[in-house]
Amino acid sequence: MSISTHVREQLVVANLKPERFREIIARLFSYGVIVRDEDRTEQLLYDDARRVESLLDDYFDVAGFLLHHDSANQYYRLYAPGAVVDGQPEDSLEPVPSLRARVSTDFVAAALALRFLYQNKLNNGDIQPQGDALIGFEELAATMQTQLKRPLPSGSTDKMALLAELRRHRLLMYSGTFSIADEDALLAIRPTILGIVNNDALTAALDADGVIEQEVTLEGDEQ
């Protein structure tokens with residue numbers, strides 16, 4: 001039996017159209033993540049992915065990818081071959097750098113800062129019921145400065161562009177009326193940050209004084 005025949009038979013059992021299966025796969029390859037509470041589109045994609053999760057696992061496993069499902073926080077993240085994932089055994093495959101997301105150095109620094117902040121909130125039990133950690137924009141700016149010795153982009157437009165990039169990668173969530181000038185406005189660090197900077201990477205990035213060193217590899221977000 002061919003792989004395509006097997007897939008189609010399993011889709012019939014799950015009552016899912018092949019076109020929808022391809023849409024889920026394309027979304028994961030394009031964004032690296034499907035988060036149920038992102039919007040209505042991703043809610044439906046997530047729910048359909050759950051119906052054929054074992055088939056998706058097998059499909060990506062054949063190609064050397066790992067599909068991680070965080071059922072508590074309701075998201076799927078796709079990891080490229082060779083990725084190091086918390087709670088998962090290391091595979092023997094060589095990393096494929098070209099499959100990693102092409103992100104800016106500001107993004108890498110901000111992701112490290114967000115992971116640091118999230119871990120602090122987690123350690124203090126200050127996590128929202130949906131798994132998010134709430135911070136003010138100045139907390140991010142201060143952590144970037146103190147931990148990475150790297151300021152945020154200077155202009156407000158560039159700052160908002162960075163936040164939008166973090167939001168696009170499903171690491172941050174904020175309202176459509178968010179303004180960096182509003183001291184009371186909050187950013188929600190999503191639990192998906194745990195899949196971008198794992199525990200070992202965060203530990204390795206901290207020097208003896210507890211300051212983050214920026215040379216660290218981000219996982220996930222294959223594009």
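The values are calculated or read from the model by the stated rules, or taken from the named source; none is laboratory data. Keep in mind the model is a prediction, meaning the values are calculated, not measured. Please note: Cβ atoms are built from the backbone with ideal geometry, for glycine as well, and neighbour counts cover all protein chains shown.
Can you tell me which residue within region 147-187, out of those that are hydroxyl-bearing (Ser, Thr, Tyr) and exposed (fewer than 14 other Cβ atoms within 10 Å of the Cβ), is farthest from residue 73 (Cα to Cα)? Don't jump to the end; show me each part of the working.
Here is the first cut: in region 147-187, the residues hydroxyl-bearing (Ser, Thr, Tyr) are 154, 156-157, 174-175, 177, 179.
Next, only the ones that are exposed (fewer than 14 other Cβ atoms within 10 Å of the Cβ) stay: 154, 156-157, 175, 177, 179.
Working: 154: 34, 156: 31, 157: 31, 175: 20, 177: 25, 179: 27 Å.
If we take residues in region 147-187 being hydroxyl-bearing (Ser, Thr, Tyr) and exposed (fewer than 14 other Cβ atoms within 10 Å of the Cβ), then 154 is farthest from residue 73 (Cα to Cα).
Being at pLDDT below 95 and small (Gly, Ala, Ser) is the filter; apply it to region 27-53 and report the residue that is farthest from the chain's Cα centre (by Cα).
My answer is 30.
Counting only residues that are assigned to a helix (DSSP H, G or I) and over 16 Å from residue 66 (Cα atoms), how many does region 16-29 have?
From region 16-29, those assigned to a helix (DSSP H, G or I) are 18-29; that's our starting set.
Still in the running and over 16 Å from residue 66 (Cα atoms): 18-23.
Residues that pass the stated criteria total 6.
What's the total number of residues in region 181-197 that are in a strand (DSSP E or B), among the β-branched types (Val, Ile, Thr) and either out of contact with any Leu (no Cβ under 8 Å at 6 or more places or on another chain) or more than 16 Å from residue 36 (Cα to Cα) (or both)? Quick ask: steps written out before the conclusion?
Keep residues of region 181-197 that are in a strand (DSSP E or B), which gives 186-189.
Going one step further and asking which of them are among the β-branched types (Val, Ile, Thr), we end up with 189.
Those left that are additionally either out of contact with any Leu (no Cβ under 8 Å at 6 or more places or on another chain) or more than 16 Å from residue 36 (Cα to Cα) (or both): none.
Looking only at that region, the number is 0.
How many residues are assigned to a loop (DSSP other than H, G, I, E, B) and under 20 Å from the mean Cα position of the chain (by Cα) if we restrict to region 140-169? Can you show your working first?
First, pick out the residues of region 140-169 that are assigned to a loop (DSSP other than H, G, I, E, B): 149-155, 169.
After this cut, where a residue has to be under 20 Å from the mean Cα position of the chain (by Cα) as well, the list is 169.
Residues in region 140-169 being assigned to a loop (DSSP other than H, G, I, E, B) and under 20 Å from the mean Cα position of the chain (by Cα): 1 in total.
Take region 107-143 and flag every residue that is of a type in the set (Gly, Ala, Ser) and buried (at least 18 other Cβ atoms within 10 Å of the Cβ). Step through it out loud before you land on a result.
Residues of region 107-143 of a type in the set (Gly, Ala, Ser): 109-111, 113, 125, 131, 133, 136, 141-142.
Within region 107-143, 109, 110, 111, 113, 131, 133 meet the criteria.
Filter region 61-85 for residues that are touching a Leu at 6+ places or on another chain (Cβ under 6 Å) and at pLDDT below 85; which is surrounded by the most Cβ atoms within 10 Å (Cβ to Cβ)?
80
How about region 109-126: which of its residues are in contact with a helix residue (DSSP H, G or I) (Cβ under 7 Å, 6 or more places away or on another chain) and without any contact (Cβ under 8 Å) to a residue 40 or more places away in the chain?
none
Find all pairs meeting these conditions: Cβ atoms under 9 angstrom apart; at least six residues apart or on different chains; first residue within region 165-178 and over 12 Å from residue 140 (Cβ atoms); second residue among the hydroxyl-bearing types (Ser, Thr, Tyr) and part of a loop (DSSP other than H, G, I, E, B).
Close Cβ pairs (under 9 Å, with a partner that is among the hydroxyl-bearing types (Ser, Thr, Tyr) and part of a loop (DSSP other than H, G, I, E, B)) amount to 165/104; 167/174.
Condition first: out of contact with any His (no Cβ under 9 Å at 6 or more places or on another chain), at pLDDT 90 or above and basic (Lys, Arg). Can you find one or more residues in region 180-199 that meet it?
Within region 180-199 (the criterion being out of contact with any His (no Cβ under 9 Å at 6 or more places or on another chain), at pLDDT 90 or above and basic (Lys, Arg)), the answer is yes, since at least one residue qualifies.
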